[in-house]
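The values are calculated or read from the model by the stated rules, or taken from the named source; none is laboratory data. Predicted, not measured: the structure shown is a model, and the values here were computed from it. All Cβ positions, glycine included, derive from the backbone under ideal geometry; neighbour counts span all protein chains shown.
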Amino acid sequence: MTIRLSGVGIVSDMIHLQIYRYDPEKGGEPTMQSFEVPLTKPGMKLLDALNHIKWNLDGTLTYRRSCGEGVCGSDGMNINGVNGLACITPIAGLKQPIKIRPLPSMGVIRDLVVDMEHFFDQYRSIRPWLQSETPVPEHERLQTPEDRAEIDGSYECVLCGCCTTSCPSWWWNGDRFLGPAALLQADRWIRDSRDEMAGERLDQLEDAFKLYRCHQIMNCMECCPKDLNPTKAIDHIKRTLLARKS
Amino acid sequence: MQHKGSNRTYPPAPMSPRLSIYRWHIPMIASIAHRASGMALILFVPFYLWVLHGMTGTPEDFDQAVVLLHSPVGRLALWIADIAVVYHFCNGIRFLTLDAGWCESQQMMRLSARIVLFIALLAALFFGWLLW
């Protein structure tokens, strides 16, 4: 069977993949294992290929997945050197053999599953919830359409970790630099007209490492599966801090 | 390392590969080149002071400085410093505009990185032509 895919012409009916394998029960060094998967349908996504391996070739292959449509953010991984979500990454257009590795600079639990604990600790540290001192109104807290539009481009984040684990500043200072995902969410709450703790949020972020380790490398904006721009959000936080001083 | 709900002890988790495998996008090259050009300029300062010393010292010092500046090593140092000045200046303006909130769209971030790198390439060709 040969399927014609737009952009790449006629391709062979087998997809070649090389996948990072690590089994903590066996120990030893992680290895890259080759697999061949049939191209079963046009528009096939990378997650379909991983599922095919898991269900038909090697049941020990381990990865996270849930919704399969880019909403849950579970299947973030490094695909041919760039982070992305396997479920919304089309096989067409990927150079073969497709090299799949876990999200960079993370503790590997098994194969493509990494330890996200520190990532979520950093997310929690920015207090990602509405903080308000005024009494709760009888109905919902209202927001004008203009104020609501302020958080476009940040509320869509699915916390997959692709941006944070693509950032060299975070690779080298991840213990103290909060990383793009947490900072994007910090900016989301600073911008939100219903939140009344912007001052405290800014105080918490004004730190040489937490915020200012961003060196505009922009890998976050290049890899975000939801097409968001954390670099822009970080710059906005910096400007808000500056405006507060002047 | 012990996993939740398990009594077994596992070897420490390996860290997933990062710099060795990550693809270099143009804005990443632009940012790293900014650090590298800044470093080149700092390292050029002692060389520059030595040249100044040669220019203002004895005739022998002057001759020595001129000979070194005309040697391949001297020309290479000048060439690298020239490119570094041009690149660091242009990309510095790019970073300032981003800090000011201009050209913040993804397209402009990518385009501006390409532009500053292209200017550095032109500078490299121009200074190369000038020095050789």
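Can you tell me which residue among A:241, A:159, A:202, A:184 is modelled with pLDDT of 95 or more, surrounded by fewer than 24 Cβ atoms within 10 Å (Cβ to Cβ), more than 13 Å from every other protein chain (Cβ to nearest Cβ) and under 26 Å from residue A:144 (Cβ atoms)?
On the way: A:241 fails: more than 13 Å from every other protein chain (Cβ to nearest Cβ); A:159 fails: under 26 Å from residue A:144 (Cβ atoms); A:184 fails: surrounded by fewer than 24 Cβ atoms within 10 Å (Cβ to Cβ).
Criteria check complete, one pass: A:202.
Looking at (1) under 16 Å from residue A:37 (Cα atoms); (2) touching a residue at least 40 places away in the same chain (Cβ under 8 Å), which one does residue A:73 not meet, given that it meets all the others?
Exception for residue A:73: condition (1).
Condition first: within 16 Å of the chain's Cα centre (by Cα), part of a helix (DSSP H, G or I) and crowded, with 21+ Cβ neighbours inside 10 Å. Now tell me which residues in the stretch A:48-88 satisfy that.
A:86, A:87
Just one of (1) buried (at least 20 other Cβ atoms within 10 Å of the Cβ); (2) within 14 Å of another protein chain (Cβ to nearest Cβ); (3) closer than 21 Å to residue A:67 by Cβ trips up residue A:113, so point out which.
(1)
Filter the stretch A:211-233 down to the residues that are at the interface with chain B (Cβ under 8 Å from one of its Cβ atoms) and over 18 Å from residue B:112 (Cβ atoms) and list them by number.
A:227
Would you call residue A:100 in contact (Cβ under 8 Å) with a residue 24 or more places away in the chain, surrounded by 21 or more Cβ atoms within 10 Å (Cβ to Cβ) and farther than 30 Å from residue A:16 by Cα? Can you show your working first?
Details: in contact (Cβ under 8 Å) with a residue 24 or more places away in the chain: yes; surrounded by 21 or more Cβ atoms within 10 Å (Cβ to Cβ): yes; farther than 30 Å from residue A:16 by Cα: no.
In short, no.
Could you go through the stretch B:106-122 and let me know if any residue there is more than 30 Å from residue A:228 (Cα to Cα) and modelled with pLDDT of 95 or more.
Yes, because at least one residue in the stretch B:106-122 is more than 30 Å from residue A:228 (Cα to Cα) and modelled with pLDDT of 95 or more.
Test of understanding: among B:80, B:93, B:42, B:29, which residue is of a type in the set (Val, Ile, Thr) and within 12 Å of chain A (Cβ to nearest Cβ)? Talk me through it step by step, then tell me what you get.
Values: B:80 fails: within 12 Å of chain A (Cβ to nearest Cβ); B:93 fails: within 12 Å of chain A (Cβ to nearest Cβ); B:42 fails: within 12 Å of chain A (Cβ to nearest Cβ).
Answer to the check: B:29.
Yes/no matrix, rows are residues, columns are (1) without any contact (Cβ under 8 Å) to a residue 24 or more places away in the chain; (2) exposed (fewer than 15 other Cβ atoms within 10 Å of the Cβ):
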site: B:43; (1), (2): yes, yes
site: B:65; (1), (2): yes, no
site: B:85; (1), (2): no, no
site: B:91; (1), (2): no, no
site: B:94; (1), (2): no, no
site: B:104; (1), (2): yes, no
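Quick one: is residue B:11 farther than 15 Å from residue A:217 by Cβ, outside any helix (DSSP H, G or I) and modelled with pLDDT of 95 or more?
Values: farther than 15 Å from residue A:217 by Cβ: yes; outside any helix (DSSP H, G or I): yes; modelled with pLDDT of 95 or more: no.
So residue B:11 does not fit the description; no.
Quickly run through the stretch A:162-176 and pick out the residues that are within 14 Å of chain B (Cβ to nearest Cβ) and either under 12 Å from residue A:228 (Cβ atoms) or without any contact (Cβ under 8 Å) to a residue 60 or more places away in the chain (or both). Before you say what the answer is, go through the steps one by one.
As a first pass, look at the stretch A:162-176 and keep what is within 14 Å of chain B (Cβ to nearest Cβ): A:162-175.
Those that are within 14 Å of chain B (Cβ to nearest Cβ) and either under 12 Å from residue A:228 (Cβ atoms) or without any contact (Cβ under 8 Å) to a residue 60 or more places away in the chain (or both): A:162, A:163, A:164, A:167, A:168, A:169, A:172, A:173, A:175.
What residue, of A:193, A:169, is farther than 19 Å from residue A:206 by Cβ and either among the hydroxyl-bearing types (Ser, Thr, Tyr) or surrounded by 16 or more Cβ atoms within 10 Å (Cβ to Cβ) (or both)?
Working: A:169 fails: farther than 19 Å from residue A:206 by Cβ.
That would be A:193, the only listed residue that is farther than 19 Å from residue A:206 by Cβ and either among the hydroxyl-bearing types (Ser, Thr, Tyr) or surrounded by 16 or more Cβ atoms within 10 Å (Cβ to Cβ) (or both).
Residue check: is residue B:9 exposed (fewer than 15 other Cβ atoms within 10 Å of the Cβ), farther than 30 Å from residue A:228 by Cβ and within 14 Å of chain A (Cβ to nearest Cβ)? Show your work before the answer.
Details: exposed (fewer than 15 other Cβ atoms within 10 Å of the Cβ): yes; farther than 30 Å from residue A:228 by Cβ: yes; within 14 Å of chain A (Cβ to nearest Cβ): yes.
Yes, satisfied.
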